[in-house]
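Comments concern the structure below.
The values are calculated or read from the model by the stated rules, or taken from the named source; none is laboratory data. Everything quoted here is computed from the prediction, not taken from an experiment. Here Cβ is always computed from backbone atoms with ideal geometry, including for glycine, and neighbour counts include all displayed protein chains.
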């Protein structure tokens, strides 16, 4: 739904707002959240549905284990779902945002081809998820020492990246700071796919209780990100986005053994 709405028309949010109107919840949403502009309400609808998908992605493993339904098929289905929420949706949203920023005259580099760079997120997500699913299907893996949870940035992080940029733009990023968003978009269409397809070690948020110091690092990172997003403005948003790969690199260097 998010990918369809992002591709359906130029201005992000209008298609989602029309959908909300078709089921009769548009006025309720605007009154509840104090939103005066229908387009902003539509963007929040997109972000809400996208967030639900990401929450399901976090909980699916725990639910499968609790129901005794975990298995190889579930691992493959999880990767297929991640390809949609962490590959297809951010790719379409990213292209739409880059086009909006360029049309609004906020792009420092006015080259139309740069607007399509976020599409690289989709093949990068497919590459990374195929590698992860292949490793998960192996019955025997030789490991030694401690290691981080993943090789390469997980695909859902691309949804977080582009979702935060979408929220910042929809909720009224100032014109003088919108260039920061464009540069973040450029980074999200170039460095982010490279990070996803690489084998750079990264930590996850699902593996808890194995190492106390790693749990503490995760909690500290989450608190720091919340503070940056809540009080740091656009610059804080930029720092929050790049903090994840940076934290992974720091934790990898801090491992006591390899």
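When the range 225-238 is filtered for residues that are surrounded by fewer than 15 Cβ atoms within 10 Å (Cβ to Cβ) and modelled with pLDDT of 80 or more, the ones remaining, listed by number, are 226, 227. Just one of the listed residues (94, 105) is under 23 Å from residue 180 (Cα atoms) and modelled with pLDDT under 85, namely 105. Taking the range 1-77 as the region of interest, the helices (runs of 4 or more DSSP H) fully inside it that hold 1 or more residues being more than 22 Å from the chain's Cα centre (by Cα) and surrounded by 14 or more Cβ atoms within 10 Å (Cβ to Cβ) are 14-22, 26-33, 38-67. So which residues in the range 78-107 are in contact (Cβ under 8 Å) with a residue 60 or more places away in the chain and outside any helix (DSSP H, G or I), if there are any at all? Within the range 78-107, 104, 106, 107 meet the criteria.
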